[in-house]
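Please treat every number below as a calculation from the coordinates, not as lab data. None of the values given here were measured: they were computed from a predicted structure.
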Amino acid sequence: LSLHRAQLAPIVREALDAFAPIARSRGVTIDATLDESLEGMVDADGLRQILLNLVDNAVKYGPPGQTIRVTLGAVGDGVVLVVQDEGPGIPEDERQRVWAPYYRLAADAEGSVGGSGIGLSVVRDLAERMGGHAYVSARREVGKRGARFVVELQGNREAPVMAPVATATTTPSA
């Protein structure tokens, strides 16, 4: 990877715009809340790949017509990218295993959803190579199904922990 200081919101927006036709084909809406002021030390292509893998999984494993929420914000002196879907979620006892290369949940391996199980391994590897980390949890809203994938990366600005995020909501253009 080649790490450079970059404005992050334009990279995220570009990746989401490129993915928009696939999302539309499944009736999926992508709701993005991006802190336009954030910069980070990233490989732009690596960040795009992280986001595309996470959004592709959200579309594949979530229901048609769902809303996928993508958030880019500050945490401490770093940045956090969150992709949250409305799918079945990932059982707590499998949340570490999904990062292993070629691992697929039993229900997915037996189902009609294609894939090799390499995407999340790539996400974690790229995040770590950019000095960050990735993890998955359940959605935070009580009673809501889905998975919440979080990628934390190094930022380059001072920010209080969980600083308020000045956001702009975007949906990939038609």
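With viscosity 0.890 mPa s and temperature 25 °C, the Kirkwood radius over alpha carbon pairs of region 1-85 converts through Stokes-Einstein to a diffusion coefficient of 187 µm²/s.
Compute the length gained on full extension between D77 and D31: take 0.36 nm times their separation in residues and subtract their Cα-Cα distance, giving the result in nm to one decimal.
Details: separation 46, 0.36 × 46 = 16.56 nm, distance 2.48 nm.
Length gained, D77 through D31: 14.1 nm.
Near V28, the amide H atoms lying under 5 Å from its own belong to G65; only residues 5 or more places off or on other chains count, and H is placed 1.01 Å from N.
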